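Quick notes on the structure that follows.
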Amino acid sequence: IMVSNAQSLTAYQFLLKTSKNKKHHQLNKFLKDTEIISLDSRLNKNLSLKFFIIKTIISQQVSTGAAASIWKKTEKLLNQKKRISLKNLRDCGLSRPKASYVNEVLSNQYLDSFTKKDLKKMNQADVSDLFLKIKGIGPWTIGIIQMFYLEQEDIYLTGDLGIKKAGLNFFKSENYEAKDYSPYRTYLCMYLWRSLND
């Protein structure tokens, strides 16, 4: 655990210094006032790739609370190992399109051939190619997989509504790509999300 804490501290100090140099005063003040976030604390290490993807699909465009409640029911269903129908998924609270996306992920045997180690070795373009072929997975979902499944530290979710909103607050633009904050943009996203909850 010490290693991840050291990494979180390194990332935090880098963001603090960059926000000062770039005169992002509000962000700098927010970072000074908030607790350090560790990427490790956000990872769900016991989820398989398929379960992680399904959980992420569930969380698309719904509130955190709703996503957690739907995921709880869905996970229970998935763990029963029986054949799962669209109706079963709909009964967990999934919309019709999401139920069909989840079904597609479940029946995708190609995904079973990848370990986390394999995926970590792949470059960004290959990871995107692999996942974009799957219905229901777009750039946002891929970003979440890279951040919280593959533990990549330099992902910036430009398409995320929360990130756009926080970007407007701190950078006066919703299309800021935060290149100045590379190689720790995943951490930056986590702080931006937190700023919206505070």
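The values are calculated or read from the model by the stated rules, or taken from the named source; none is laboratory data. Quick caveat, the model's predicted, so the values are computed rather than measured. Neighbour counts are summed over all protein chains in view; Cβ atoms, including those assigned to glycine, are modelled from backbone coordinates with ideal geometry. Please note that ligands, DNA and RNA were not included when accessible areas were found on the heavy atoms of the full protein model with its side chains. Shrake-Rupley method; radii C 1.70, N 1.55, O 1.52, S 1.80 Å.
Here are a few things to note about the model shown:
Listed here are the residues, each with its yes/no results for (1) aromatic (Phe, Trp, Tyr); (2) open to solvent by 20 Å² or more (accessible area, probe 1.4 Å).
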position: VAL105; (1), (2): no, no
position: TYR110; (1), (2): yes, yes
position: ASP126; (1), (2): no, yes
position: LEU130; (1), (2): no, no
position: PRO139; (1), (2): no, yes
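- Within the range 127-136, being in contact with a helix residue (DSSP H, G or I) (Cβ under 9 Å, 6 or more places away or on another chain) and of a type outside the set (A, V, I, L, M, F, W, C) holds for SER128, LYS133, LYS135, GLY136.
- Residues located in the range 12-46, provided they are in contact (Cβ under 8 Å) with a residue 40 or more places away in the chain and either part of a loop (DSSP other than H, G, I, E, B) or in contact with a Pro (Cβ under 9 Å, 6 or more places away or on another chain) (or both): PHE14, LYS22, HIS24, THR34, ILE37, LEU39, LEU43, ASN44
- Among the residues listed as LYS55, LYS72, LYS17, LYS22, the single one being at pLDDT 95 or above, within 21 Å of the chain's Cα centre (by Cα), under 26 Å from GLN152 (Cβ atoms) and open to solvent by 60 Å² or more (accessible area, probe 1.4 Å): LYS55
- Checklist (1) open to solvent by 80 Å² or more (accessible area, probe 1.4 Å); (2) under 25 Å from SER63 (Cβ atoms); (3) under 21 Å from the mean Cα position of the chain (by Cα); (4) not β-branched (Val, Ile, Thr) applied to LYS87, failing item: (3)
- Scan of the range 161-182 for residues that are in contact (Cβ under 8 Å) with a residue 60 or more places away in the chain and open to solvent by 50 Å² or more (accessible area, probe 1.4 Å), ordered by number: ASN169, ASP180
- Test: residue in the range 53-72 that is under 19 Å from TRP140 (Cβ atoms), in contact (Cβ under 8 Å) with a residue 40 or more places away in the chain, part of a loop (DSSP other than H, G, I, E, B) and not small (Gly, Ala, Ser): yes
- Every residue from the range 101-130 that is at pLDDT below 95 and aromatic (Phe, Trp, Tyr): TYR110, PHE114
- Those residues of the range 73-98 which are in contact with a Gly (Cβ under 8 Å, 6 or more places away or on another chain) and not in a helix (DSSP H, G or I), in sequence order: none
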